[in-house]
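Beneath this line is the structure, given in structure tokens, with notes to follow.
The values are calculated or read from the model by the stated rules, or taken from the named source; none is laboratory data. Since this is a predicted model, take the numbers as computed values, not measurements. As a convention, Cβ positions derive from the backbone with ideal geometry for all residues, glycine included, and neighbour counts pool all protein chains shown. Note: areas computed on protein heavy atoms with side chains; ligands, DNA, RNA excluded. Shrake-Rupley method; radii C 1.70, N 1.55, O 1.52, S 1.80 Å.
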Amino acid sequence: MLPALLEGFIPHGLRTRRIIRLMMQSQPIVNGPDRVGQSAAGPCAQAATRLRRGLLIAFLTLVQVAPATSAPGGHGHVHGQARLDLMLEGARLTIEAELPMETLTGFERAPRNDDERARLQRALEALRASGVFRPTPDAGCRPASQALRWSGSAEPATAASGLPSDDTHLDLLVTHAFDCERPARLALIEIGLFDIFSRLRRIEARFAGPGGTQARTLQRNRKVLELAR
């Protein structure tokens, strides 16, 4: 229960939620006639559990501070910059991008007229296309699902509804999932976001997979994310 509650307060990403789950793994509970509800772990394992919880507290402190300092003026995003989380678990590749509205449309808040709504609609349609993220063909990855939603909302993102009426700065969360026939052959992923949005200059990408984790910075002249083997 605790990891699920905490995940609602973490600002960004698949990798962050995975770290929380790993940190909060606890020892099994023995349900015998004489030891109901007691931990099956000895003193060393109990100490390890306390250590994991201490590390979790430190981790939460860091991720809560990071958004406040990530952009000038106190906003949690930077114009022209996107964040990308990628995770390979078994045969499932999940990619989650976070893009500021300004990068998508040229304005930061909800659209105010038909022209702005049309501009936003074109951006959303482009992000739903299958070519936004292109995994290595040899891996045999097929699109499985996709979702677009505004940061802080569980509803699907549209250009006409679900947007705040004030000048709140908006971020769009884009998730594409793939099922890969040969995940061991996944060597790189071409990122098509630079081709779609001329205002996008930089992507901070993080990848987690069987071989570990890695972080890369992508730019307009470097659009391919090469994965560590």
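Restricting attention to the stretch 176-192, the residues being open to solvent by less than 60 Å² (accessible area, probe 1.4 Å) and touching a Lys or Arg at 6+ places or on another chain (Cβ under 8 Å) number 8.
Note on the stretch 92-111: residues that are surrounded by fewer than 18 Cβ atoms within 10 Å (Cβ to Cβ), modelled with pLDDT of 95 or more and in contact with a helix residue (DSSP H, G or I) (Cβ under 8 Å, 6 or more places away or on another chain) total 1.
The residues in the stretch 121-167 that are modelled with pLDDT of 90 or more and assigned to a loop (DSSP other than H, G, I, E, B) can be counted, and the count is 3. Scanning the stretch 193-218 for residues that are open to solvent by less than 70 Å² (accessible area, probe 1.4 Å) and in contact with a Pro (Cβ under 9 Å, 6 or more places away or on another chain) yields a single hit, Gly209.
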